[in-house]
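Input: a single structure, listed below in structure tokens.
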Amino acid sequence: MISGGCSGSRPEGPDATSGASTENEEEKGSGSLSPEGKILVVFFSRKGENYNVGKVNPGNTAMMANHIIGLTQADSFEIIPVTPYPESYDETLSVATNEKNSGARPSFEGEVPDMEDYGTVLIGSPIWWAEPPMIMHTFCEACPELGSKVIIPFGSHEGSGISSLTSMLKEYYPKARFMESFAMRGTETRKSSAKDKIKEWLEDCKILH
């Protein structure tokens, strides 16, 4: 079900959710864990007209991922839909609503890197209507081997935080080891302070020293 509008704006949809949250949310993982082995950054992000930020390229979660990749020099894999979402916010709202209601599994381009090469995987996603987009389910179902990894969730939202992403990943990978997640509002990802906040989080995760 689509959340109601905000301050008289259009209905909330992609990159917009209802619920209270701080602008930067961190969900605590196991404090005793440390990243292991080679690091891979996996993310899905939507460019085009986004809630509260206008037309953007790259998308909000991609902004975060780009900072992470630049700071860590990690390998990366972007989840790119075979059928791109429309540039228009309202058209994407309709497409994504249908995907959610039908339990769709949108296809993505390319082949996922060989997970045997990695010990730690950072997984990034926006949150739409308090849940990750359906394409994140497609990715998780294509990568059962992630259950043996250290997983670190991150992503963008407009009110609900990203605890739903962590919950979804834990359902798919109950034996994985989870570290502290990190989230930012879409508007925050484009501020000059974003990189410093992400750097601090990566230092707390012992990815950066």
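The values are calculated or read from the model by the stated rules, or taken from the named source; none is laboratory data. Keep in mind that this is a model prediction, so the values were computed, not measured. With ideal geometry, Cβ positions are generated from the backbone for all residues, glycine too; neighbour counts draw on all protein chains shown. Just the protein is used for accessible areas: all its heavy atoms, side chains included, with ligands, DNA and RNA removed. Shrake-Rupley method; radii C 1.70, N 1.55, O 1.52, S 1.80 Å.
So the values come out like this:
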{"read-out": "Partner lysines for Lys191 [C-alpha distance under 16 Å; skip if fewer than 8 residues away on the same chain]", "value": "Lys55, Lys199"}
{"read-out": "In region 80-149, GluC sites (Glu not before Pro) in a DSSP loop with at most 11 other beta-carbon atoms within 10 Å", "value": "Glu109, Glu111"}
{"read-out": "Carbon + sulfur, % of accessible area of region 83-157 - ligands and nucleic acids excluded, 1.4 Å", "value": "47"}
{"read-out": "Region 62-209, dipole about Cα centre (Lys/Arg Cβ +1, Asp/Glu Cβ -1), debye to the nearest 20", "value": "480"}
{"read-out": "Unsatisfied cross-links (Cα-Cα over 32 Å) in the set Lys175/Lys206; Lys100/Lys206; Lys175/Lys197", "value": "Lys100/Lys206"}
{"read-out": "Region 142-209, dipole about Cα centre (Lys/Arg Cβ +1, Asp/Glu Cβ -1), debye to the nearest 20", "value": "80"}
{"read-out": "Anisotropy class of region 57-209 from Cα gyration tensor, a/c 1.5 cut", "value": "oblate"}
